[in-house]
Amino acid sequence: MKKLKFKGAAVVFMVLLLLASSLSGCMYPGKEQQTGSSYRESVKRVQEAVDEYQQQEGLLPIMNADESTPRYEKFVIDLGKLHEMGYLDEIPGAAFEKGGSAYFLILDEETRPSVRLMDIVTVQKVNDVQRQINRYKSGHGGNLPAADEIYPGLFTIDARQAGTGSITLKSIYSGQPLQFIMDKNGTVYADYSPDIMSAIDKNGVSPEANRDLRLQLEQASYYVPVKSLPYYWVDGQPVPQSPQP
């Protein structure tokens, strides 16, 4: 192979071009966009393994879950079993089991089992805030460090009172900040309304009444909106539904 010779100016130009190209790959806001190709391939491989396992074994390779476990945390896939039994050549590097930041789980288990990802960082951040809320509630006679009631029965958190100022959350979908909200019992959730609104705007279709808008995120991404409430279309915007007392 012949060596190419460049003059000084040409070399500088090529270096700058390569540097610009490398930086452009770091400017995507969300984790989904940063590693979309690798995550897509990992989900595809696990989906194929799950389908084959179900066909051969007659059941799904999922870990035991309590009935009260939320939908987006419930049916975690037993990747170790799939690997040990030869259905999966290797556990994806994105998986928690390999030091990654996602659990692989199954949605629509009774109709069309679909592999999706649960972001562990989001779970941890919400749990961190929950611990602070529980601590405050315990030390203040059951009162909550509530700020504004931004949705019916749902409140933002007074970070100064709760001691949660250092805990921030970025959307797994957009990379933009998401706020924490809590219900009247002090249960904490991530507020996905900006992401849902963005998905609705992108689709250009008016949402159906009485349909959980989190499906918009399920269809637009491999990630599930973990630690969330159901959202419905109210007065032209997605509004989370507070749990019944």
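The values are calculated or read from the model by the stated rules, or taken from the named source; none is laboratory data. Since we're looking at a predicted model, the values are computed, not measured. Positions of Cβ are backbone-derived with ideal geometry, glycine not excepted, and every protein chain shown enters the neighbour counts.
Output the residues belonging to the stretch 77-87 that are farther than 9 Å from residue 61 by Cβ and in contact with a helix residue (DSSP H, G or I) (Cβ under 8 Å, 6 or more places away or on another chain).
Going through the stretch 77-87, the residues farther than 9 Å from residue 61 by Cβ turn out to be 80, 83-84, 86.
80, the sole residue that qualifies.
Only residues that are farther than 17 Å from residue 214 by Cβ and over 14 Å from the mean Cα position of the chain (by Cα) were counted across the stretch 97-108, and they come to 3. Within the stretch 171-183, the set of residues being surrounded by 22 or more Cβ atoms within 10 Å (Cβ to Cβ) and among the polar types (S, T, N, Q) comprises just one member, 171. It is to be established whether one or more residues within the stretch 125-138 are at pLDDT 95 or above, surrounded by fewer than 18 Cβ atoms within 10 Å (Cβ to Cβ), of a type in the set (Lys, Arg) and within 21 Å of residue 228 (Cβ to Cβ). There is at least one residue in the stretch 125-138 that is at pLDDT 95 or above, surrounded by fewer than 18 Cβ atoms within 10 Å (Cβ to Cβ), of a type in the set (Lys, Arg) and within 21 Å of residue 228 (Cβ to Cβ).
Checked against (1) closer than 26 Å to residue 177 by Cα; (2) loosely packed, with under 15 Cβ neighbours inside 10 Å, residue 141 passes all but a single condition, namely (1). Scanning the stretch 35-54 for residues that are part of a loop (DSSP other than H, G, I, E, B) and touching a strand residue (DSSP E or B) at 6+ places or on another chain (Cβ under 8 Å) returns no hits.
Would you call residue 206 outside the structural domain of residue 113 (by TED's automatic domain parsing), of a type in the set (S, T, N, Q), surrounded by fewer than 18 Cβ atoms within 10 Å (Cβ to Cβ) and at pLDDT 95 or above?
Working: outside the structural domain of residue 113 (by TED's automatic domain parsing): yes; of a type in the set (S, T, N, Q): yes; surrounded by fewer than 18 Cβ atoms within 10 Å (Cβ to Cβ): yes; at pLDDT 95 or above: no.
Judged against the criteria, residue 206 is not a match.
Would you point out which residue out of 98, 74 is among the basic types (Lys, Arg) and free of Cβ contacts under 8 Å to residues at least 24 places away in the same chain?
On the way: 74 fails: free of Cβ contacts under 8 Å to residues at least 24 places away in the same chain.
Just one listed residue meets the conditions, 98.
Return a yes/no flag: does the stretch 187-199 have any residue that is in a strand (DSSP E or B), under 21 Å from the mean Cα position of the chain (by Cα), under 30 Å from residue 235 (Cα atoms) and in the same structural domain as residue 39 (by TED's automatic domain parsing). No: the stretch 187-199 contains no residue that is in a strand (DSSP E or B), under 21 Å from the mean Cα position of the chain (by Cα), under 30 Å from residue 235 (Cα atoms) and in the same structural domain as residue 39 (by TED's automatic domain parsing).
Of the candidates 168, 156, 164, 111, the single residue that is of a type in the set (Val, Ile, Thr), loosely packed, with under 14 Cβ neighbours inside 10 Å and touching a residue at least 24 places away in the same chain (Cβ under 8 Å) is 168.
Criterion first (touching a Lys or Arg at 6+ places or on another chain (Cβ under 6 Å), in contact (Cβ under 8 Å) with a residue 60 or more places away in the chain, part of a loop (DSSP other than H, G, I, E, B) and at negative phi) does residue 243 satisfy it? Give the derivation first.
Working: touching a Lys or Arg at 6+ places or on another chain (Cβ under 6 Å): no; in contact (Cβ under 8 Å) with a residue 60 or more places away in the chain: yes; part of a loop (DSSP other than H, G, I, E, B): yes; at negative phi: yes.
No: the conditions fail for residue 243.
Checked against the criterion of being aliphatic (A, V, I, L, M) and assigned by TED's automatic domain parsing to the domain that holds residue 226, the stretch 127-143 contains one or more residues that satisfy it.
One line per residue, one yes/no per condition, for (1) farther than 21 Å from residue 75 by Cα; (2) aliphatic (A, V, I, L, M); (3) out of contact with any Ser or Thr (no Cβ under 6 Å at 6 or more places or on another chain):
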| site | (1), (2), (3) |
| --- | --- |
| 194 | yes, no, yes |
| 199 | yes, yes, yes |
| 202 | yes, no, yes |
| 208 | yes, no, yes |
| 213 | no, yes, yes |
| 217 | no, yes, yes |
| 223 | no, no, yes |
| 230 | no, no, yes |
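If you go through the stretch 55-82 and pick out every residue that is touching a Pro at 6+ places or on another chain (Cβ under 7 Å) and part of a helix (DSSP H, G or I), you end up with 3.
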